[in-house]
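Notes for the one structure printed next.
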Amino acid sequence: MDSVIQASSSLVNWLTRRDFLTAVAYAEDVQVIQPLVPLAEKNSVIHRLNSIQVGTSTNLSGGWLHVLRTLELHPIADGYKRVILLTDGNPTLGIKDPVQLIQIAADAYKKGISTTVIGFGNDFNEILLKEIAESGGGNFYYVETPEETGDIFFKEFGDIGTLYAQSIELKIDFPKGIDYLDLVSEVSSYQEPDPEETGRTKTLVLEVGDMRADDVKSLVVQLRPTKKDTPPNINISASYYELTDGAKLEQKTIDIPLDWNDDSAKEDADVVVEATIAKTGKGLRKAGTLLKEGYTDESIALLNDLIKDINEKEELAPEVLQTLGFRVSSLKNRILENSPTAAKHLVASASELQYGAMENFPDDGVEYHDQIFAYRTNEDIDLYRCPEIKTAIQEKMKEGYRYIVFNLAKSSYIDSSAIGMLIQVAGWLRKRGGELIVSNLRSSVKKVFSITRLESHIRASETEEEAQSLLKAWIESKAV
């Protein structure tokens, strides 16, 4: 509980005065720790969080529904609204039916309120929590030890702070001549039947969820052309709320041309790799369910099949698939070692794959080097400046840079979007074995780093020269 409160306090500090927050504790009853208020004075909110005590029951629906109602009634219609639901047990009071709980998440998401779920300890239903998060447009995390709590909140805020689009809905129309077979990717969907042909799918609707401005999400759909009337293209339309423009509803449509005359065409390597990752995510989820139900041998056999499939395709994308194979092998070892939390790790890993954790940002064909790039800001950083800065960083990463100094000498103010951006960039660089150091923090920005405890995740130095020296020493130590 101490770790949860500390991480929650960090989240409060990461938010800005333009953000609103409410906190509710649920045990035998529901207790409003902090009513929904703008974060003008954070110390009192943190003080209230520290008053939360451990209870003996879990009225999950009571606390959750209270927050959902509060957010739904909040007068700002174009704000981004997310619930972070934390629990260490199964529902014992209130609504306990899994179907009803999942429906609550789906209904709230349709109203623009997403739900992330974080499970602690060994006494919760990971399958249920993942399905709540999936239906609610949020993420599912498993925290096994108190030390992991801060990193989970850090990652969650990095995603929230850099969101661009919410409630993305994708529609694929299948003209006569193309039959829909299967959705390989694990994403919420439903089918609209063809009124002219019984049993045929006319439209596949994919509820993609939320995305960052720089994010790439691959969706794999299996189709089959019929022997006659093959169409020249297939239509895909998307709708979403753009958060940078007051949650304005945007709609996009594209016609993808189809070439039926190229008999020499081979399987696209990128499609094969994405399909492998998607199938692995589904397999891990099924393996977790089998293990939870007592079918240990079947769960291990399924993981062996996944490992074999990954190894057979490894040469198509060695870095991505080697990492994926190692992850699946590690999960299998947890089962062989009779780890009581193996099922939870399987389901959590399935969620990470579903939400794009295997994305290899933008590294295709990039050769890394150990030169250091210094990015120098020229003004304050807010939501509207972040996309431009991230684009500049991405261009340098495409040139092979993985060590970056972020000089903030000319920035007297950074908002929660800027903090989210720094978290995200640091994650990109660390994925390729690099590092980010910020330097030249003015007193106002240094205060933000201090009260948000951002300095425990991103290193700061007094000057750009000092940051350069730290990175050079880091590079030399790795070479040894």
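The values are calculated or read from the model by the stated rules, or taken from the named source; none is laboratory data. Note that the coordinates shown come from a computational prediction; the quantities given were computed from them, not determined experimentally. Note that we place each Cβ from the backbone using ideal geometry, even for glycine, and neighbour counts take in every protein chain shown. Ligands, DNA and RNA are stripped out before the accessible areas are found, and what is left, the full protein with its side chains, is counted by its heavy atoms. Shrake-Rupley method; radii C 1.70, N 1.55, O 1.52, S 1.80 Å.
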Within segment 323-363, work out how many residues are open to solvent by 60 Å² or more (accessible area, probe 1.4 Å), modelled with pLDDT of 80 or more and assigned to a helix (DSSP H, G or I).
-> 4
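Which ones in segment 377-394 are of a type in the set (D, E, K, R) and either within 23 Å of the chain's Cα centre (by Cα) or not assigned by the TED database to the domain that holds GLN468 (or both)?
Scanning segment 377-394 gives ASP382, ARG385, GLU388, LYS390.
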What are the residue pairs meeting all of these: first residue in segment 181-192, first residue open to solvent by 60 Å² or more (accessible area, probe 1.4 Å), second residue hydrophobic (A, V, I, L, M, F, W, C) and part of a strand (DSSP E or B), Cβ atoms under 6 Å, and 6 or more apart or on different chains?
-> TYR190/VAL205; GLN191/LEU204
Across segment 282-301, which residue is nearest to GLU131 (Cα to Cα) among those that are part of a helix (DSSP H, G or I) and free of Cβ contacts under 8 Å to residues at least 12 places away in the same chain?
-> GLU298
The lone condition VAL273 fails out of (1) part of a helix (DSSP H, G or I); (2) farther than 23 Å from TYR142 by Cβ; (3) open to solvent by 20 Å² or more (accessible area, probe 1.4 Å) is (3)
Pick from segment 193-214 the residues that are in a strand (DSSP E or B) and either polar (S, T, N, Q) or open to solvent by 40 Å² or more (accessible area, probe 1.4 Å) (or both): which of them is modelled with the lowest pLDDT?
-> ARG212
Residues of segment 182-209 being touching a Lys or Arg at 6+ places or on another chain (Cβ under 9 Å) and within 30 Å of TRP428 (Cβ to Cβ), in sequence order, are VAL184, SER185, GLU186, VAL187, LEU206, VAL208, GLY209
Of the residues in segment 16-58, those that are open to solvent by less than 30 Å² (accessible area, probe 1.4 Å), in a loop (DSSP other than H, G, I, E, B) and over 17 Å from GLY89 (Cα atoms) come to THR16, LEU39
Hey, among ARG432, ARG442, which residue is in contact (Cβ under 8 Å) with a residue 12 or more places away in the chain, of a type in the set (Lys, Arg) and buried (at least 16 other Cβ atoms within 10 Å of the Cβ)?
-> ARG432
Given (1) over 24 Å from GLU455 (Cβ atoms); (2) open to solvent by less than 40 Å² (accessible area, probe 1.4 Å); (3) basic (Lys, Arg), index of the condition ARG69 fails | (2)
